Amino acid sequence: MLALSSITILMVVGGFAAGAATKVSQASFGKTRDGVEVRLFTLTNDRGVEARIANYGGIVVSLKVPDRTGAMADVVLGHDSLAGYLDNPGPYLGALIGRYGNRIGHARFTLDGKQYTLAANNGENTLHGGLRGFDKVVWTPRELPDGGLELTYTSKDGEEGFPGALKVVVSYHLTGANELRIDYTATTDKDTVVNLTNHSYFNLKGAGNGDILDHLVTLNADRFTPVDAGLIPTGELKPVAGTPFDFRKPTAIGARIEQNDEQLKLGRGYDHNWVVNRKGSGLTLAARVEEPASGRVLEVETTEPGVQFYTGNFLDGTIKGKGGKVYNQRYGFCLETQHFPDSPNQPAFPTTVLKPGQQLRSTTVFRFRTSGAAKK
Ligand code: BGC
């Protein structure tokens, strides 16, 4: 599928060099309902930035980054214990998503002339891989010598209805430049479809510290994929110009989210795939988000063609997260780098088919910076 360009390789090599001072340690994170022990890995760089990742679901449990004064906050929604994730799988907080990120319409697709039927776990559609997607499995962890964490999972032929045994290797690196870099690879023994992403919910004020409506978002996208009532793309690549989906200039998430717009009504807010403007197949800026009060800035670069900008519309205050804080509607936003939803049924979209002998390679970088001068 995506071949790494020479530019990407240079950046990846740079990332390894920067990540050399990152340390990794691990501890128990409890047991699954089947009694399997889950480990929690802590990656810390030499600036004190820290990412905690569990090998259950590859979940990013916490991510501590500085504001413009140097004060650290945990900027991802999550739970203090494994039990919190097991009890509340609905929002996919922080998890790796597969075999197919986002929706496949009518829970079916045809590949090589054969129809495959999947579990319908979102109305009549399949969402995020089905009933037991990659967010709900225990991955095999390996600490890498450069301070990274590698997670491996082999999904069986026929798992959740998908053809082919699929071997997925995901690595997390925290670099010295305050980047969380995720590299995905996958290989298969039969033709299949794959779409991998991470479902972290960010709040640059700190998880649980209010909503994200005042965050300023820029999306490097001239077009998005409008959806039907089941949130399945209609197939159109619609220009954002003149719509509330135009984030080509920094705009507060809340500035237009309540407008009387059909697409916003269908998503209950933003829950759409934007088509990343790109030249070539290398890492390209997809999004930049700034929280004006703290000065925390998140930049997202990816080799993927799309990004699902989701504003936590389905969070409803029923989940208590880390430190007992309640997650209300729009308390976090996701930037899920991806191929487009429902691509297996949309021949005009970039293909998500992976064949034996090919290797899927995909990289996404979440870079944290700060803006503005420190307040006295
Ligand atoms: C989907 C939303 C869904 C959320 C959590 C997002 O990727 O687009 O519709 O509610 O994940 O499940």
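The values are calculated or read from the model by the stated rules, or taken from the named source; none is laboratory data. Predicted model only: the values in this text are computed from it and were never measured. Using ideal geometry, Cβ is built from the backbone for each residue, glycine included, and neighbour counts are taken over all protein chains shown. When the accessible area is computed, the model is the full protein with side chains, heavy atoms only, and any ligands, DNA or RNA have been set aside. Shrake-Rupley method; radii C 1.70, N 1.55, O 1.52, S 1.80 Å.
The figures follow:
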{"quantity": "Whole-number accessible area per residue in Å² for the stretch 34-112, which is evaluated in the context of all protein chains at 1.4 Å", "calculated": "32 Å²"}
{"quantity": "GLU291 - accessible surface, heavy atoms, 1.4 Å probe, Å² rounded to 10", "calculated": "10 Å²"}
{"quantity": "For the stretch 235-293, radius of gyration divided by Kirkwood radius, i.e. Rg to Rh on alpha-carbons", "calculated": "0.98"}
{"quantity": "Peptide ranges 272-281, 67-76 listed from the most packed, as the mean C-beta count within 10 angstrom indicates", "calculated": "272-281, 67-76"}
{"quantity": "Portion, in percent, of the accessible area of the chain that falls on carbon or sulfur, probe 1.4 Å", "calculated": "52 percent"}
{"quantity": "Computed log₁₀ I(q)/I(0) - Debye formula, equal Cα scatterers, no solvent, the stretch 170-310, q 0.11, 0.14 Å⁻¹", "calculated": "-0.46, -0.75"}
{"quantity": "Fraction of the pair-distance distribution of the stretch 235-374 above 23 Å, Cα-Cα pairs, percent", "calculated": "45 percent"}
{"quantity": "Relative contact order of the chain, pairs being alpha-carbon contacts under 8 Å that are 6 or more residues apart, as %", "calculated": "19 percent"}
{"quantity": "For the stretch 57-195, convex hull of alpha carbons as volume per residue, Å³", "calculated": "128 Å³"}
{"quantity": "Range of Cα positions in the stretch 308-376 per principal axis (Å), largest first", "calculated": "55, 35, 22"}
{"quantity": "Cβ crowding within 10 Å averaged over residues, with 240-253, 322-335, 125-138 ranked highest first", "calculated": "125-138, 322-335, 240-253"}
{"quantity": "Trypsin sites (Lys or Arg not before Pro) restricted to the stretch 19-59 and DSSP loop, no more than 10 other C-beta within 10 Å", "calculated": "ARG33"}
{"quantity": "Probe 1.4 Å, protein heavy atoms only - accessible area per residue of the stretch 133-274 in square angstrom", "calculated": "34 Å²"}
{"quantity": "Two-decimal ratio, the stretch 118-218, of alpha-carbon radius of gyration to 2.2 N^0.38 Å", "calculated": "1.32"}
{"quantity": "Rel. contact order, % - alpha carbon contacts under 8 angstrom, at least six apart, the stretch 235-376", "calculated": "23 percent"}
{"quantity": "Compactness of the chain, expressed as Rg and Dmax over alpha-carbon positions, Å", "calculated": "19.3, 66"}
